[in-house]
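Each remark here refers to the structure printed beneath this line.
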Amino acid sequence: MSAPPIAVQPQGMRDYIADAVREGGGDVVDVSAARGLVWTAEDAPHELSTLLSTHTQIEWVQLPWAGVEPYAEAGLFDGDRLWTSGKGVYAEPVAEHALALTLAGLRELPRYAQEVTWTSDAGISLIGGAITIFGAGGVTSELVRLLQPFDCSITVVRRTAEPIEGVERVLPFDHRYEALKGADAVVLALALTPETAGVISRVEFELMEPHAWLVNVARGAHVVTEDLVIALREDVIGGAALDVTDPEPLPDGHPLWRLPNCLITPHTANTEDMAKPLLAARIAENVRRFAAHGELIGVVDPDLGY
């Protein structure tokens, strides 16, 4: 089995990726001689589009991250070549972060962290609680596994109501309102598409329990920020724990920074240091499969855009 010619572009970014291609048995070549391309830029769809229009012989493109909405919006996904993304690669660290944010919120750690005097007790236990998760990808699968010791009742909202192991109830997207009622925490772990943008707004906040926390480890645009600020100020919900925001980065002085029932981490559910070994392993495996004409991991569905 000959080594497949793979280009790594743009050059000079994430040099460890070229090593991963070689680890998978690939030959790192100039893009003019490549059959496959590993793209190293996080958000550069127009540059990639220009490159592909010049080098039409490329059969497969590997994108580095799970979120590929800029490339979908640019119209790059088509039937001319195979596309793969990093979906599922970062499931473990992102699910771990989602669990940490959920526990911190329910235990009211954001408020306690700002206190300068001994205060009254507060907080809700996750044990035996009810959790609703939007999305049914790798992060959700891993989060369901991490939640097992807590004996939670788990509801998942996804495009179709196909059952998921370890999940008590799976609801299709058009029944999502049912999933909000009774939940102690609502976790967003779904892809950003035109259908899911703004999926959490004033209506959803009013349906959530007054003590419930919103946890977002997906994309900031899933939540209508103005509605979230009002819901937090007026105690419509218990709070929000956000690893992503809209806009992002969240500007200095934004109202969310000052709310005691809001916990913000700067998109650190998966850091570069966490990503390196995980992304390298995925790329190496996909190069092996590409060489063997096997099924690649993380294939992007052009119709769905993720």
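Determine the pairs where a residue that is in a helix (DSSP H, G or I), located within segment 248-264, has a partner that is surrounded by fewer than 18 Cβ atoms within 10 Å (Cβ to Cβ) and of a type in the set (A, V, I, L, M) with Cβ atoms under 7 Å apart, the partner being 6 or more residues away or on another chain.
255/229; 256/229
In segment 130-186, which strands (runs of 3 or more DSSP E) lie fully inside it and hold 1 or more residues that are of a type outside the set (D, E, K, R), in contact with a helix residue (DSSP H, G or I) (Cβ under 6 Å, 6 or more places away or on another chain) and closer than 22 Å to residue 239 by Cα?
Numbers: elements: 130-134, 153-158, 169-172.
Where strands (runs of 3 or more DSSP E) fall fully within segment 130-186 and carry at least 1 residues being of a type outside the set (D, E, K, R), in contact with a helix residue (DSSP H, G or I) (Cβ under 6 Å, 6 or more places away or on another chain) and closer than 22 Å to residue 239 by Cα, they are 130-134, 153-158.
Output the residue which, of all residues in segment 1-55 that are of a type in the set (Ser, Thr, Tyr) and touching a residue at least 12 places away in the same chain (Cβ under 8 Å), is surrounded by the most Cβ atoms within 10 Å (Cβ to Cβ).
Just the residues of segment 1-55 that are of a type in the set (Ser, Thr, Tyr), to begin with: 2, 16, 32, 40, 49-50, 53-54.
Then drop every residue that is not touching a residue at least 12 places away in the same chain (Cβ under 8 Å), which leaves 2, 16, 32, 40, 49.
Details: 2: 7, 16: 14, 32: 10, 40: 21, 49: 14.
Among them, the one singled out is 40.
Among the residues of segment 274-306, what is the count of those that are of a type outside the set (Gly, Ala, Ser) and over 17 Å from the mean Cα position of the chain (by Cα)?
Residues that pass the stated criteria total 13.
Taking residue 71 as the residue in question, decide whether it is out of contact with any Pro (no Cβ under 6 Å at 6 or more places or on another chain), at negative phi and touching a residue at least 12 places away in the same chain (Cβ under 8 Å). Explain how you work it out, then say what you get.
Working: out of contact with any Pro (no Cβ under 6 Å at 6 or more places or on another chain): no; at negative phi: yes; touching a residue at least 12 places away in the same chain (Cβ under 8 Å): yes.
Taking the combined requirement at face value, the residue does not satisfy it.
In segment 89-122, what residues are open to solvent by less than 40 Å² (accessible area, probe 1.4 Å), farther than 30 Å from residue 63 by Cα and outside any helix (DSSP H, G or I)? It would help to see each step written out before you state the result.
Let us first name the residues in segment 89-122 that are open to solvent by less than 40 Å² (accessible area, probe 1.4 Å), namely 89-91, 93-95, 97-99, 101-102, 104-106, 110.
Narrowing further to those that are farther than 30 Å from residue 63 by Cα: 104-106, 110.
Listed by number, the list is empty, since nothing qualifies.
In segment 49-70, what residues are under 26 Å from residue 91 (Cα atoms) and either at pLDDT 95 or above or of a type in the set (A, V, I, L, M, F, W, C) (or both)?
Keep residues of segment 49-70 that are under 26 Å from residue 91 (Cα atoms), which gives 60-70.
Hits for segment 49-70 are 60, 61, 62, 63, 65, 66, 68.
Taking the conditions exactly as written (touching an Asp or Glu at 6+ places or on another chain (Cβ under 6 Å) and in contact (Cβ under 8 Å) with a residue 12 or more places away in the chain), does residue 269 satisfy them or not?
Details: touching an Asp or Glu at 6+ places or on another chain (Cβ under 6 Å): yes; in contact (Cβ under 8 Å) with a residue 12 or more places away in the chain: yes.
Considered against the rule, which asks whether it is touching an Asp or Glu at 6+ places or on another chain (Cβ under 6 Å) and in contact (Cβ under 8 Å) with a residue 12 or more places away in the chain, residue 269 comes out as yes.
Please go through segment 190-234 and give me each residue that is modelled with pLDDT of 95 or more and among the polar types (S, T, N, Q), ordered by number.
196, 201, 216, 225
State the number of residues belonging to segment 140-149 that are within 23 Å of residue 209 (Cβ to Cβ) and open to solvent by less than 30 Å² (accessible area, probe 1.4 Å).
Matching residues across segment 140-149 total 4.
Every residue, every condition in (1) among the hydrophobic types (A, V, I, L, M, F, W, C); (2) open to solvent by 40 Å² or more (accessible area, probe 1.4 Å); (3) under 20 Å from residue 143 (Cβ atoms), yes or no:
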site: 222; (1), (2), (3): no, no, yes
site: 231; (1), (2), (3): yes, no, no
site: 236; (1), (2), (3): yes, yes, no
site: 243; (1), (2), (3): no, no, yes
site: 253; (1), (2), (3): no, yes, no
site: 258; (1), (2), (3): no, yes, no
site: 268; (1), (2), (3): no, yes, yes
site: 274; (1), (2), (3): yes, yes, yes
site: 278; (1), (2), (3): yes, yes, yes
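Among the residues of segment 4-32, which ones are small (Gly, Ala, Ser) and modelled with pLDDT under 95? Don't jump to the end; show me each part of the working.
So the first thing to find is which residues in segment 4-32 are small (Gly, Ala, Ser), and the list is 7, 12, 18, 20, 24-26, 32.
Answer for segment 4-32, where residues must be small (Gly, Ala, Ser) and modelled with pLDDT under 95: just 12.
Condition first: of a type in the set (A, V, I, L, M, F, W, C), in contact (Cβ under 8 Å) with a residue 40 or more places away in the chain and part of a strand (DSSP E or B). Now tell me which residues in segment 201-241 satisfy that.
Quick first cut of segment 201-241, residues of a type in the set (A, V, I, L, M, F, W, C) only: 203, 205, 207-208, 212-215, 217-218, 221, 223-224, 228-232, 236-237, 240-241.
Next cut, in contact (Cβ under 8 Å) with a residue 40 or more places away in the chain only: 213, 215, 217-218, 240-241.
If the condition is that a residue be of a type in the set (A, V, I, L, M, F, W, C), in contact (Cβ under 8 Å) with a residue 40 or more places away in the chain and part of a strand (DSSP E or B), then 213, 215, 240, 241 are the ones that fit.
One line per residue, one yes/no per condition, for (1) surrounded by 14 or more Cβ atoms within 10 Å (Cβ to Cβ); (2) of a type in the set (D, E, K, R):
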site: 151; (1), (2): no, yes
site: 156; (1), (2): yes, no
site: 163; (1), (2): no, no
site: 168; (1), (2): no, yes
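Using the structure shown, decide if residue 188 is closer than 26 Å to residue 127 by Cα, in contact with a Ser or Thr (Cβ under 8 Å, 6 or more places away or on another chain) and either open to solvent by less than 20 Å² (accessible area, probe 1.4 Å) or in contact (Cβ under 8 Å) with a residue 60 or more places away in the chain (or both).
Details: closer than 26 Å to residue 127 by Cα: yes; in contact with a Ser or Thr (Cβ under 8 Å, 6 or more places away or on another chain): no; either open to solvent by less than 20 Å² (accessible area, probe 1.4 Å) or in contact (Cβ under 8 Å) with a residue 60 or more places away in the chain (or both): yes.
In short, no.
The values are calculated or read from the model by the stated rules, or taken from the named source; none is laboratory data. Please read all numbers here as calculations on a predicted model, not as lab measurements. Cβ atoms come from the backbone with ideal geometry, glycine included; neighbour counts cover every protein chain shown. Ligands, DNA and RNA are stripped out before the accessible areas are found, and what is left, the full protein with its side chains, is counted by its heavy atoms. Shrake-Rupley method; radii C 1.70, N 1.55, O 1.52, S 1.80 Å.
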